[in-house]
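Enquirer: For reference, the structure I am asking about is given below.
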2 protein chains.
Amino acid sequence: MKNRDSIPEATIERLPLYYRYLDKLATFEDVEVVSSKDLGGKLGIASTQVRKDLSYYGEFGRRGVGYDVIELKRSLGRILGVDRLWSAVLVGAGNLGRALVNYQGFKKMGLEISHVVDNDLNKIGNKVEDITVQSINRIEKIVNNNDIKIGIVTVPAEAAQDVADKLIDAGIKALWNFAPTRLYVPDDISVRNEDLAVGIVSLIYHLSWDEKDESEADE
Amino acid sequence: MKNRDSIPEATIERLPLYYRYLDKLATFEDVEVVSSKDLGGKLGIASTQVRKDLSYYGEFGRRGVGYDVIELKRSLGRILGVDRLWSAVLVGAGNLGRALVNYQGFKKMGLEISHVVDNDLNKIGNKVEDITVQSINRIEKIVNNNDIKIGIVTVPAEAAQDVADKLIDAGIKALWNFAPTRLYVPDDISVRNEDLAVGIVSLIYHLSWDEKDESEADE
């Protein structure tokens, strides 16, 4: 493998797409060998890019033949770290928190939301799927007793930094943040911001310019 | 403004972050002028990058002084197209759909989920907030009568393409897709994929390599 720091973040973002598609091929379509062209084609990624992305991690596949689906899936699973199941604690048992607990397909990607906490006395003790919501005051015990490294933040923006601090104090190493705010964390903590409002604005931006183009063309 | 196609997608992704931060400054902190350093600093973006991003759209601010917060917010709002409210129809009244309808902060970003449809007879007629869930068979009427351009897809992966086709047939121009699958659409339709599994995998990837580095250091 190349030096880890030299691998582009965009490559890292594409690996899960390859992985999920290989899983689909192996599970539902009974395909044994796939070319870089087919692998990329379904995902809108050029075959040269597929080969380049994979080349950061070693040599896969056979020239002129393609990749063994099961083998490449297994290798990518190891590279991505999803060949094991990572437990996560979710903070915030609202609609979004419940949606994430219910979301099909995380387990396949290596994630199991094993614990849910909240600070709302009306929610503590309730069930989300088969998980009982616990008090956020128990966070340190939960993280330590279950060797949890991932915290998922689905609280309102104004509570998010406080929740992040509590999770980090408890020993969490990676934060998946759904609150519409940036979190300040020490250098050794990974953060992934899922900012829903950013998604819609980039869509509106394109829509809005398409309309402007159309109305100019009409003039 | 520069040629629209020459503006990097990464710039377009950063504009909503600037916009939201300016809104916060204007609304909660009563700040009148902000430097590119302060604007970028809070977002982890270099001041040179801030100036470059904005320069694609014109000249803003005064050298050595900074940007007028209200003025820059208004200009960015126009550029982004969020100076008006765009109606959207959401397909799929499950947990995620409900979470999105409840999500605070879309309106500020120009989005109003005005209609919710589903194909599940058990859900049709129910309320999500104050919106009554309608049958997906009514989609064409809903889109035309309300001049809706945006469709939000929160159905299971296997139903997503069919839903996308129906939305496009009905006249939708932009799709916000939360189903964990890629959608095939005509060239004039914008799609934004919010793939939750990709987010968690990139987080697990980093976590997993940090652990490998640590265990190597221990050896």
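The values are calculated or read from the model by the stated rules, or taken from the named source; none is laboratory data. All of these numbers come straight from a predicted model, not from anything done at the bench. Heads up, the Cβs are rebuilt from the backbone with ideal geometry, glycines too, and the neighbour counts pull from every protein chain shown. Surface areas here come from the heavy atoms of the whole protein model, side chains and all, with no ligands, DNA or RNA. Shrake-Rupley method; radii C 1.70, N 1.55, O 1.52, S 1.80 Å.
Enquirer: Please work out if A:Arg138 is of a type in the set (Lys, Arg) and farther than 23 Å from B:Pro156 by Cα. Give the steps one after another, and end with the answer.
Expert: Numbers: of a type in the set (Lys, Arg): yes; farther than 23 Å from B:Pro156 by Cα: yes.
Taking the combined requirement at face value, the residue satisfies it.
Enquirer: Here's another thing I want to ask about it. Yes or no: the range B:16-36 includes at least one residue that is among the basic types (Lys, Arg) and not in a helix (DSSP H, G or I).
Expert: Pass one, the range B:16-36, residues among the basic types (Lys, Arg): B:20, B:24.
Among the residues that remain, those that are also not in a helix (DSSP H, G or I) are: none.
Checked the range B:16-36: no residue is among the basic types (Lys, Arg) and not in a helix (DSSP H, G or I).
Enquirer: Can you say whether B:Leu90 is crowded, with 19+ Cβ neighbours inside 10 Å, assigned to a strand (DSSP E or B) and touching a helix residue (DSSP H, G or I) at 6+ places or on another chain (Cβ under 7 Å), as far as the supplied structure shows? Let's see the steps before the verdict.
Expert: Numbers: crowded, with 19+ Cβ neighbours inside 10 Å: yes; assigned to a strand (DSSP E or B): yes; touching a helix residue (DSSP H, G or I) at 6+ places or on another chain (Cβ under 7 Å): yes.
Judged against the criteria, B:Leu90 is a match.
Enquirer: Still on this structure, please answer the following. Could you check the range B:136-152 and list, in sequence order, the residues that are farther than 19 Å from A:Tyr103 by Cβ and either aromatic (Phe, Trp, Tyr) or open to solvent by less than 30 Å² (accessible area, probe 1.4 Å) (or both)? Reasoning before the result, please.
Expert: Taking the range B:136-152 first, the residues farther than 19 Å from A:Tyr103 by Cβ are B:136-151.
Selection gives B:Ile136, B:Ile139, B:Ile142, B:Val143, B:Ile148, B:Ile150, B:Gly151.
Enquirer: Tell me, please, whether a residue that is in the same structural domain as A:Gly110 (by TED's automatic domain parsing) and outside any helix (DSSP H, G or I) can be found in the range A:204-219.
Expert: No, the conditions are met nowhere in the range A:204-219.
Enquirer: Assess whether B:Val117 counts as being open to solvent by less than 20 Å² (accessible area, probe 1.4 Å) and at pLDDT below 95.
Expert: Working: open to solvent by less than 20 Å² (accessible area, probe 1.4 Å): yes; at pLDDT below 95: no.
For B:Val117, the condition - open to solvent by less than 20 Å² (accessible area, probe 1.4 Å) and at pLDDT below 95 - is not met.
Enquirer: Conditions first: (1) small (Gly, Ala, Ser); (2) assigned to a helix (DSSP H, G or I); (3) open to solvent by 10 Å² or more (accessible area, probe 1.4 Å). B:Gly125 passes all but one, so which condition is the exception?
Expert: The single condition B:Gly125 does not satisfy is (2).
Enquirer: Among the residues of the range B:35-56, is any in contact with a strand residue (DSSP E or B) (Cβ under 6 Å, 6 or more places away or on another chain) and either modelled with pLDDT of 90 or more or open to solvent by 20 Å² or more (accessible area, probe 1.4 Å) (or both)? Steps first, please.
Expert: Just the residues of the range B:35-56 that are in contact with a strand residue (DSSP E or B) (Cβ under 6 Å, 6 or more places away or on another chain), to begin with: B:35.
Then drop every residue that is not either modelled with pLDDT of 90 or more or open to solvent by 20 Å² or more (accessible area, probe 1.4 Å) (or both), which leaves B:35.
Yes; the residues of the range B:35-56 include at least one that is in contact with a strand residue (DSSP E or B) (Cβ under 6 Å, 6 or more places away or on another chain) and either modelled with pLDDT of 90 or more or open to solvent by 20 Å² or more (accessible area, probe 1.4 Å) (or both).
Enquirer: For the range A:169-219: of the residues being of a type in the set (Ser, Thr, Tyr) and out of contact with any Leu (no Cβ under 9 Å at 6 or more places or on another chain), which is farthest from B:Pro8 (Cα to Cα)? Step through it out loud before you land on a result.
Expert: Step one: filter the range A:169-219 for residues of a type in the set (Ser, Thr, Tyr), giving A:181, A:184, A:190, A:202, A:205, A:208, A:215.
Right, trim to out of contact with any Leu (no Cβ under 9 Å at 6 or more places or on another chain) and you get A:181, A:184, A:215.
On the way: A:Thr181: 23, A:Tyr184: 27, A:Ser215: 24 Å.
The residue in question is A:Tyr184.
Enquirer: Just to verify a result, which residue in the range B:53-85, among those that are part of a strand (DSSP E or B) and either in the same structural domain as B:Asn144 (by TED's automatic domain parsing) or among the charged types (D, E, K, R) (or both), is nearest to B:Ile152 (Cα to Cα)? Walk me through how you get there before you give the answer.
Expert: Within the range B:53-85, the first condition is being part of a strand (DSSP E or B), and the residues that meet it are B:62, B:66-68.
Now narrow it down to the ones that are either in the same structural domain as B:Asn144 (by TED's automatic domain parsing) or among the charged types (D, E, K, R) (or both): B:62, B:68.
On the way: B:Arg62: 40, B:Asp68: 35 Å.
The selected residue is B:Asp68.
Enquirer: Sticking with this structure for a sec: Of the residues B:Val185, B:Val201, B:Val155, B:Val163, which is surrounded by 21 or more Cβ atoms within 10 Å (Cβ to Cβ) and in a loop (DSSP other than H, G, I, E, B)?
Expert: Working: B:Val185 fails: surrounded by 21 or more Cβ atoms within 10 Å (Cβ to Cβ); B:Val201 fails: in a loop (DSSP other than H, G, I, E, B); B:Val163 fails: in a loop (DSSP other than H, G, I, E, B).
The conditions single out B:Val155.
Enquirer: Okay, moving on. Could you check the range A:172-182 and list, in sequence order, the residues that are open to solvent by 30 Å² or more (accessible area, probe 1.4 Å) and either modelled with pLDDT of 90 or more or within 7 Å of chain B (Cβ to nearest Cβ) (or both)? So that I can check it myself, show each step before the final result.
Expert: Taking the range A:172-182 as the starting set, the residues that turn out to be open to solvent by 30 Å² or more (accessible area, probe 1.4 Å) are A:173, A:180-182.
Of everything in the range A:172-182, those that are open to solvent by 30 Å² or more (accessible area, probe 1.4 Å) and either modelled with pLDDT of 90 or more or within 7 Å of chain B (Cβ to nearest Cβ) (or both) turn out to be A:Lys173, A:Pro180, A:Arg182.
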